[in-house]
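Presented below is the structure to which this report refers.
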Amino acid sequence: AQSVTQLDSQVPVFEEAPVELRCNYSSSVSVYLFWYVQYPNQGLQLLLKYLSGSTLVKGINGFEAEFNKSQTSFHLRKPSVHISDTAEYFCAVSWGYQKVTFGTGTKLQVIP
Amino acid sequence: EPEVTQTPSHQVTQMGQEVILRCVPISNHLYFYWYRQILGQKVEFLVSFYNNEISEKSEIFDDQFSVERPDGSNFTLKIRSTKLEDSAMYFCASVQGASDTQYFGPGTRLTVL
């Protein structure tokens, strides 16, 4: 079974400051890892994904994440946030064509 | 870029009524899924479908739910007798193969009154 933990339910950060959203996972097999962003009343948009290869993954909107197998983490970072980054961010895992398991989400609030 | 589409975007129904949510997966994809997200909560897996049969389902997916791929393009989720607690956003997803990413549709917001 796979599980995802996002310990921070809300993260306030000032505009142009850096941010890190934490994600830890557990799985008995190698997994694929994802970050999705959800704006209010909208669907899920894929930010970035790790399937294999380089552990540093770059995504859209200036976000990046680093896969750390020894710490079973996949933290999301952005060096300078913008007001438009205010949204909820979901970390997720899957394996092959199996179901995607989502974390509980982190609400990023960018303060002007 | 090909995308998963879902209709309707918003469905309002009375408790006890049947609803059918429709999805058109990406054309060469082989695996199909339904997820739901109750307002303010995380996205939860409901069911996966491959080769015209259910391959996995969650405990949420009880006898009130069914899925079907009636033709070569549509993938539907039916709720036979809706309850208030079925109110949620329902997402369809599809994937081509084992090493691919699941692509999610924009969702259908179901409101049960």
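The values are calculated or read from the model by the stated rules, or taken from the named source; none is laboratory data. Since we're looking at a predicted model, the values are computed, not measured. Don't worry about glycine lacking a Cβ; one is built from the backbone with ideal geometry, like all the others, and counts go over all protein chains shown. To get the accessible areas, we keep the full protein, side chains included, count just its heavy atoms, and leave off ligands, DNA and RNA. Shrake-Rupley method; radii C 1.70, N 1.55, O 1.52, S 1.80 Å.
At a glance:
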read-out	value
Loop GluC sites (Glu not before Pro), the range B:30-113 (other Cβ atoms within 10 Å of the site Cβ: 16 or fewer; DSSP)	B:Glu59
Aspartates and glutamates with Cα under 12 Å of B:Lys83, excluding same-chain neighbours fewer than 8 positions away	B:Glu18
Residue pairs, from the table A:Lys78/B:Lys42; B:Lys42/B:Lys78; A:Lys49/B:Lys78, whose Cα atoms sit over 26 Å apart	A:Lys49/B:Lys78
Computed accessible area, A:His82, all protein chains, 1.4 angstrom probe, square angstrom	100
Magnitude of the charge dipole, chain A, Cβ model with Lys/Arg +1 and Asp/Glu -1, debye to 20	360
17 Å cut-off, amide nitrogen to a point 7 angstrom out along B:Ile60 Cα→Cβ, residues in the range B:73-97	B:76-94
Solvent-accessible area, 1.4 Å probe, carbon plus sulfur percent, for chain A	51
Of all DSSP beta bridges in chain A, antiparallel share, percent nearest 5	85
Furthest towards positive pole of dipole, B:Val12, B:Thr76, B:Phe65, structure part the range B:1-77, Cβ charges	B:Val12
Rel. contact order, % - alpha carbon contacts under 8 angstrom, at least six apart, chain B	38
